[in-house]
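To start, the structure under review is shown below, and the notes come after it.
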Amino acid sequence: MRASIPLPTTLIKPQRLEQFQEVELSLCDHDWLEVTLQGLWITEDPNQEEGVFVTELTPHLEQRLFRLWTLSQTRFYAVAIAHGSYR
């Protein structure tokens with residue numbers, strides 16, 4: 001099972017994440033890069049959309065991905081609020 005995290009290209013330097021074997025990088029378009037992780041999907045019913053994705057990461061990679069994701073959320077909401085598109 002794979003899970004992907006879309007991140008703005010303005011936040012990330014691909015060469016800094018390419019050093020980690022646990023991730024696969026794909027350029028979505030000019031503005032977005034997708035970080036893909038390999039793992040397991042745990043759920044009561046295999047047909048459910050709700051569940052928990054489990055993967056094993058080094059502490060350094062986990063911290064870096066969490067920081068990038070947090071920054072992407074902050075910038076996304078700041079831009080959305082500035083343009084009046086977030087309510």
Given the structure, is ARG2 among the basic types (Lys, Arg) and surrounded by 11 or more Cβ atoms within 10 Å (Cβ to Cβ)?
yes
Of the residues GLY39, GLY51, which single one is under 18 Å from TRP69 (Cβ atoms), of a type in the set (Gly, Ala, Ser) and surrounded by 11 or more Cβ atoms within 10 Å (Cβ to Cβ)?
GLY39
Would you check if LEU65 is among the hydrophobic types (A, V, I, L, M, F, W, C), surrounded by 11 or more Cβ atoms within 10 Å (Cβ to Cβ), touching a residue at least 60 places away in the same chain (Cβ under 8 Å) and out of contact with any Gly (no Cβ under 6 Å at 6 or more places or on another chain)?
yes
Could you please tell me which pairs satisfy a Cβ distance under 6 Å, a separation of 6+ or placement on different chains, a first residue in the stretch 1-29 that is in contact (Cβ under 8 Å) with a residue 12 or more places away in the chain, and a second residue that is part of a loop (DSSP other than H, G, I, E, B) and exposed (fewer than 12 other Cβ atoms within 10 Å of the Cβ)?
THR9/ASP31
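Every number here is computed from the coordinates shown, using simple stated rules; none is lab data. All values derive from a computational prediction rather than experimental measurement. FYI the Cβ positions are ideal-geometry reconstructions off the backbone, even for glycines, and counts take in every protein chain you see.
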